[in-house]
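Below is one structure, written out as structure tokens; the observations come after it.
The values are calculated or read from the model by the stated rules, or taken from the named source; none is laboratory data. None of these values were measured; they are calculated from a predicted model. Counting neighbours? That spans all protein chains shown, and the Cβs are built from the backbone with ideal geometry, glycine included. With ligands, DNA and RNA removed, areas are computed over all heavy atoms of the protein, side chains included. Shrake-Rupley method; radii C 1.70, N 1.55, O 1.52, S 1.80 Å.
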Amino acid sequence: MKEGIIPNGGMPNMLLKEEVYKMLNWGFGSVMATQFIFVIGLWLNHKFDARSFVYIIIYLALFTFAGYSLLMAINTTGSEEASFNLTIAGILWVLSVLFLLLSIFRLVRIRK
């Protein structure tokens, strides 16, 4: 290898210890489960608009899959597969934010 050239297209590899991957997976899973339980509890106590609730559930599902794709990209060593997983994570994240905004819009509009 020539001096000064970084392998992997000039991008340094993000190497993490094996335990970090497990902590990231468990941490993300527990945060998403907490959000889901919190939203269910709010809906049962306040009975807000059903369509807003559905949009929030869709947001949670899409965001969960986006986070999973991001974690898969971090855990992947091949650049093509990591790029694909990052692209999927980005698309799912954008869609999840749109559903979150739709639910907020409906909740605010109904309260007026």
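Taking the criterion of being hydrophobic (A, V, I, L, M, F, W, C) and either farther than 26 Å from L70 by Cβ or free of Cβ contacts under 8 Å to residues at least 12 places away in the same chain (or both), the residues of region 18-48 that qualify are V20, M23, W26, V31, A33, I37, F38, I40, L42, W43, L44, F48.
Give the residues of region 58-88 that are among the polar types (S, T, N, Q), assigned to a helix (DSSP H, G or I) and free of Cβ contacts under 8 Å to residues at least 12 places away in the same chain, sorted by residue number.
Those that are among the polar types (S, T, N, Q), assigned to a helix (DSSP H, G or I) and free of Cβ contacts under 8 Å to residues at least 12 places away in the same chain: S83, T87.
Does region 89-111 contain any residue that is outside any helix (DSSP H, G or I) and open to solvent by 90 Å² or more (accessible area, probe 1.4 Å)? No - not one qualifying residue is present in region 89-111. Residue count for region 28-52, restricted to those that are assigned to a helix (DSSP H, G or I), of a type outside the set (S, T, Y), over 16 Å from A89 (Cα atoms) and open to solvent by 30 Å² or more (accessible area, probe 1.4 Å): 14. Hey, does region 54-75 have a residue that's polar (S, T, N, Q) and under 22 Å from K17 (Cα atoms)? Yes, region 54-75 contains at least one residue that is polar (S, T, N, Q) and under 22 Å from K17 (Cα atoms).
Among the residues of this structure, Y68 does not count as one that is buried (at least 17 other Cβ atoms within 10 Å of the Cβ) and closer than 15 Å to I104 by Cβ.
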